[in-house]
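No lab work stands behind these numbers, since they all come straight from the coordinates. These figures come from a predicted structure and were not determined experimentally. All Cβ positions, glycine included, derive from the backbone under ideal geometry; neighbour counts span all protein chains shown.
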Amino acid sequence: MLANLLALVLLAVPSSAVEDFSFIHMSDTHIPYANTEDVMREAKGLGAVEMAPYGVTAPAPSFVIVTGDLTEFGGGNGWWEQFIGVMDEVGLPFYCVTGNHDNTWDSCRPRIAERYRAPYYAFDHGGIHFIGLDSASPQDPRPCFGREALVWLQDDLARTHPNTPIVLFYHHPPTKETGSAYDRYRLYDLLRGRNVLAHLVGHGHGVRAWQEDGWDFVMGGSTFGDNAGFAIVDVRDNTLRIAYRKSGEAAAATPLLEKPIPATAPAYPKITVTSPAPASVQAERVVFEGTVDGAFERAEVLLDDETPFPLTLADGKFAGEIALLPGLAGAHFYRVVLHGPGEVTAWKGGDFVVDSHPEVSVRWRTLLGGSTRATPVVWGDQLLVGANDGRLWSLDRTDGHVRWFVKTGGDILGAALPFGNRAFVGSGDGFLYELNEEGGIARAFNAGAPIYSPPITISEFLIVATANGTVHGIERDTFTELWRSEAPEYAIEDTLCLTGDLVCFGAWDTFVYALDYATGEVRWRAPASGALEGGAKQYYSPADCGPVVCGERLYVADRKYHLSVMDAKTGALLSSRQEVSGVGLSEDGQSVYLRTTKEGLVKLDAAGTEVWKADVPLGSIAAAPVERAGVVYSLSSLGTLSAVEADSGEVHWTFSTLPGFYAMADPAVADGVVYVAGMDGSVTAVAGRN
């Protein structure tokens, strides 16, 4: 009780005056690119820097912030250590977050977490609260503010006085590259009423400043290329000034931002939405109710940033409803927008899913504590779902309520493996865990590197692969390592494929491998079609969608969206096809389904002959199509679920399961119910109406 009272007293104390200091904003270093290290080292021993546009001189910097793309191909092959080595040479404290290049191929999230306790964190300096966020999806180049980070941020802000000046730093600026505008709206909602000075970002290699929804953004250039250099951020006399210093120049000559540091947070009305509940399922009509502080003239709901619906507004209360016609079936985000005199507006966002589709019913929807790219797995009456908050969640298949969860030390990106009354799951903390049906940890095997690939089992073996490129054959009942292969030269992240006595997989070193499952011996190794072309071949490795074997052919897609058809026994390339992002095997193992980027869903027979095409939305994410009971289910990049007749290619229905967020996991299907997990942290269960 005393501790709680003390916390309230501390929070109530007004923020102290901001001290004078400076720091460096560096971005997009892309180790090991040529010349980038030399520019980074220009920060070493850097003294006072003239801020030429403002007529002031910044004192020697106190620390460095690096806003992502620290490396070019992720943290393996010593590139993370190389980045850390250069920054240690600079000799200043430094704070960094991941970019898309850091989190693809071999994710740096575990390395950031080891250094700063989590992939997202905060620190204080000179009266300013600095917040570092991870805007890069783990093992994928697409941006997303993970729900796990937003849950943490809400708690961090609750411990921070509203008047405390805040600087946020992360990699991706707010653009359409995020799956949904709601992705960043969730962040903005948390920051309302806070004294946010600036968002420091990277990604574009540009040197510029702009405003988005009232927030100031500054892009920090790069340490190589035409804009080689870094920004100097000067804080003095309660004024924030940012200017860019090009490599080799003494002064920071490019002006970016100059603004006073307010003593108090800008006023923003408190908006409370009491209905609908977050991530809720709505049928027939959705009722909007809530309250707002302040004088406003009218209110409306803006659905998906497109369609306005009027609300009544009186005495600080708004209300209204939307009739949920079949045309609105599926997931949506919304903003309740309040309009004041002139152009004054305020808003608050939310989301829900509409259960009005004539052929699809929504059984339930559950919000986890983290975003997820792990495929859900049915285990009796439970559904196991791994998430980026490090938890494996058990949901009741009947209504979606959380039965239990187990916390690990890293992201869970791969599906769990049920086996009788046990389940196995790998974590980004490098351990393979054995769990009982209540979520208790029975044993753990230390693989020595993050495990993003789902484990598989055959005979007495568990086989698991790591982000270091190692593959481990483990005795299932004793957790004893029987063999280890170090043949792959870079990370392995997706599903391993068993065929005969071979375990096949792609790695981020451009190759497809076939190992003897009993000994780990390499039977063959062959490059994928996309990696045979020029350019940075490693980008286009066949590693983010597991291969399938149909007859004597192995099918695997690569990041260049080439399909390689190989002889499953020798690895010889038989043919290739372009514009394919993923593959799935039919339920009887006699056909292959291609997820294409332009032609929809394509079925091939055992001879590789095209049987049909179905015009359904898909995209470049590598989630595999799944066939169950004569129906093929596939997910678009933004979560539109399609059901297609396996024999004819007839499209039964499509249904939006996510409010514009990325869907990186395969759908799971059992007993006619389809389970979809999304990067918004939701798990949705849908089924055809009888």
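Annotations
- A simple rule links phi to the HN-Hα coupling: the Karplus curve 6.51 cos²θ - 1.76 cosθ + 1.60 with θ = phi - 60°, which for the stretch 205-216 gives 6, x, 10, 7, 9, 7, 10, 9, 6, x, 8, 8 Hz, with x for Gly and Pro.
- 5 angstrom amide H check on residue 331, placed H, neighbours 5+ away: 354, 656, 657, 658
- Dimensions (Å) - the stretch 271-354, Cα atoms, principal axes, largest first: 36, 22, 17
- Ellipticity at 222 nm from helices only: DSSP H runs of n ≥ 4 in the chain, each -39500 (n - 2.57), divided by the residue count, give -2500 deg cm²/dmol.
- Cross-link partners of residue 603 among lysines (Cα-Cα below 24 Å; sequence separation of 8 or more within a chain): 560, 569, 613
- 10 Å-binned pair-distance histogram of the stretch 21-260 (Cα, whole percent): 8, 35, 39, 17, 1
- The amide H of residue 551, built 1.01 Å from its N in the peptide plane, has no neighbour under 5 Å, considering only residues 5 or more places off or on other chains.
- Per-selection Kirkwood Rh - the stretch 345-451 (Cα, Å, 1 d.p.): 14.9 Å
- Cβ-derived FRET efficiency at R0 35 Å, residue 190 paired with residue 62, nearest 0.05: 0.80
- Selection among 453, 473, 602 by position relative to the dipole of the chain gives 453 as farthest towards the positive end (Cβ unit charges, Cα centre).
- In plain terms, the chain from residue 651 to residue 518 could stretch by 43.7 nm, reckoned as 0.36 nm per residue minus the Cα-Cα distance.
- Overall size of the stretch 404-461 from C-alpha positions, given as principal axis extents largest first: 28, 26, 17 Å.
- Residue among 353, 679, 303 farthest towards the positive dipole end of the chain, charges placed on Cβ: 303
- Over the stretch 361-611, the alpha carbon radius of gyration divided by the compact-protein estimate 2.2 N^0.38 Å works out to 1.01.
- Where labels lie 7 Å past Cα in the beta-carbon direction, separation of residue 438 and residue 323 in nm: 5.2 nm
- Computing FRET efficiency as 1/(1 + (r/R0)^6) for residue 567 and residue 20, where r is the C-beta to C-beta distance and R0 is 51 Å, gives about 0.15.
- The convex hull of the Cα atoms of the chain, projected and averaged over all directions, covers 30.9 nm².
- Placed amide H near residue 208: partners under 5 Å, 5+ positions off or other chain: 219, 221
- Its Cα centre serving as origin, the chain has a Cβ charge dipole (Lys and Arg +1, Asp and Glu -1) of approximately 760 debye.
- Candidate lysines for bridging to residue 317, where Cα separation is under 20 Å - those fewer than 8 sequence places away on the same chain excluded: 270, 348
- Potential lengthening of the chain between residue 309 and residue 481 amounts to 55.8 nm, from the contour at 0.36 nm per residue minus the alpha-carbon distance.
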